[in-house]
Amino acid sequence: MMQHVFPTYNRFPFEIVSGNGFKLTDNKGMTYLDFTSGIGVCGLGYNVSKLNEAVEKQLGKVWHTSNLYESSLQESVAKKLGEAHGVIASFCNSGTEANEAAFKLARKATGKSEVLAFDHSFHGRTYGSLSLTGNDGIKEGFGPLVPGVSFAKYNDFAALDEINDQKAAVILEVVQGEGGVVVGDASWLKAVEEKAHEAGALLIIDEVQTGMGRTGKLFAFENFELNPDIVTVAKGLANGIPVGAMLGKKELAKFFGPGTHGSTFAGNPLAMAAADVVLDELNAEFLKGVSEKADFIKFLLEQKAKNIDAIESISGLGLMIGIHLKETVDVGKVVSLLQDKGLLTLSARGNTLRLLPPLITPASELMTGIEIITETLENILVA
Ligand SMILES: *Cc1c(COP(=O)(O)O)cnc(C)c1O
């Protein structure tokens, strides 16, 4: 039991002490197949020699330099991240900070203050990002929040009526992660983009969970051929070293000039050294492999799900998979049962068993995990 740390997390009673590839080992010597990636972070897996070498090399040079001086590492990472989409980067240390930057830039660039966000979205825990988050439960007791934020229903065309010329921005995830692995409808996403641009509002896409190859593209919005003005990333960017980035259209640079925004640790050399290698690894061939594995696994899962009472439906994009359980099945209990069988999984809103395996997991191991899940769900009591 942890007694010297605020109890803000419900923790499972074991500790992960080491990892290799797609496997993790706990303090009791139990080895797990990992379908969490540390909540969508370690896409390239654990103890990755290329990453270790890059970070070790930087460790021996300098750990921190501040942003008073030029950084060729930041420039390299920013180019690899954004060049194909005509966006430049502002670095930070987490997903919530990336969304804070996006919120600030959208207000400054448009001279407007209102932002439209969506029900069941998750954008982070700091005040700006929390204010953009469509989950009342996690806001309780923390008010007043940042004014000017309203919410509309995700995947609902009625939301278009909420996008007017008072809006600085519309912010959304193309696949809602914490919200229950809800995939945006292509035609709806496109309509939101068009309406936002018509109204002079910026489209902010939160790719903190969906980005960095998770859906078989570097960014999930590429699956829908969208053209966001601002994109936020974090989780998978440095495979576990804390980092985030806000990417924005070059035309926005004049609103984020010297002194307008920053952070002491932003673009830290260790994080940048790791991110630089992560981005090299996420090349076209690798991403194609992710898509192929994901399609195969989803097909397999959908076939099996038809005969399993406990499963209501399957959702997802790429290696971001939601297994929606019947109301009478306790998803928390399923996660525990799976742990006992050596498989780590996650839950999300809507009684969803959420799977975020490392992107490097071979198809055969993904199948093994799916078999453990279907076997467990077949044997669970559905009242
Ligand atoms: C995790 C997450 C965040 C917050 O990132 P932190 O690094 O925890 O601050 C924001 N948006 C989405 C979509 C996320 O999944």
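In the range 223-263, the C-alpha radius of gyration followed by the widest Cα-Cα span (Dmax) gives 12.8, 36 angstrom. In angstrom, the C-alpha Rg and Dmax of the range 219-325 are 18.6, 59.
Across bins of 5 angstrom width beginning at 0, how are the C-alpha pair distances of the range 246-300 distributed, in whole percent? All Cα pairs, binned at 5 Å, distribute as 4, 13, 13, 14, 15, 14, 10, 9, 5, 2, 0 percent. For the chain, the per residue solvent-accessible surface stands at 46 Å², with DNA, RNA and ligands left out and a 1.4 Å probe. Taking the helices alone, the chain has a mean residue ellipticity at 222 nm of -10000 deg cm²/dmol, built from -39,500 (n - 2.57) per DSSP H run of at least 4 residues and averaged over all its residues.
Of the solvent-accessible surface of the range 11-128, computed with a 1.4 Å probe over protein heavy atoms with every protein chain present, carbon and sulfur atoms account for 55 percent.
Take residue 25: with every protein chain present and a 1.4 Å probe, its accessible area is about 40 Å². Using alpha carbons only, the radius of gyration of the range 74-182 set against its Kirkwood radius gives Rg/Rh = 0.98. Its residue count N sets the reference 2.2 N^0.38 Å, and the alpha-carbon radius of gyration of the range 18-72 equals 1.52 times that reference. For residue 339 and residue 300, the FRET efficiency from 1/(1 + (r/R0)^6), where r spans their Cβ atoms and R0 equals 25 Å, is about 0.70. Candidate cross-link partners of residue 333 among the lysines, defined by an alpha-carbon separation under 25 Å and a same-chain spacing of 8 or more, comprise 23, 28, 298, 304, 306, 341. Normalising the Debye intensity of the range 149-306 to I(0), with uniform scatterers on Cα atoms only, and taking log10 at q = 0.14, 0.18 Å⁻¹ returns -0.83, -1.23. Evaluated at q = 0.13, 0.23, 0.24 Å⁻¹, a Debye calculation over the C-alpha positions of the range 266-383 (equal weights, vacuum) places log10 I(q)/I(0) at -0.56, -1.29, -1.38.
Highest GNM mean-square fluctuation among 254, 195, 108, for the chain modelled with Cα contacts below 10 Å: 254. Shape index of the chain: Rg/Rh, with Rg the Cα radius of gyration and Rh the Kirkwood radius from the inverse mean 1/r over Cα pairs, equals 0.96. Here the range 237-358 has 54 percent of its accessible surface on carbon and sulfur atoms, given a 1.4 Å probe and all protein chains in place. Excluding same-chain neighbours fewer than eight residues apart, the aspartates and glutamates reachable from residue 190 by a Cα-Cα span under 20 Å are 119, 156, 161, 162, 165, 173, 198, 206, 207, 222, 225, 229.
Note on the range 160-206: Cα Rg divided by 2.2 N^0.38 Å, N the number of residues, gives 1.15. Expressed per residue, the C-alpha convex hull volume of the range 179-254 stands at 107 Å³.
The values are calculated or read from the model by the stated rules, or taken from the named source; none is laboratory data. Note that this is a predicted model, so its numbers are computed, not measured. Cβ coordinates were reconstructed from backbone atoms using ideal geometry, including for glycine residues, and neighbour counts include every protein chain displayed. These area figures cover heavy atoms from the full protein model, side chains too; ligands, DNA and RNA do not enter into them. Shrake-Rupley method; radii C 1.70, N 1.55, O 1.52, S 1.80 Å.
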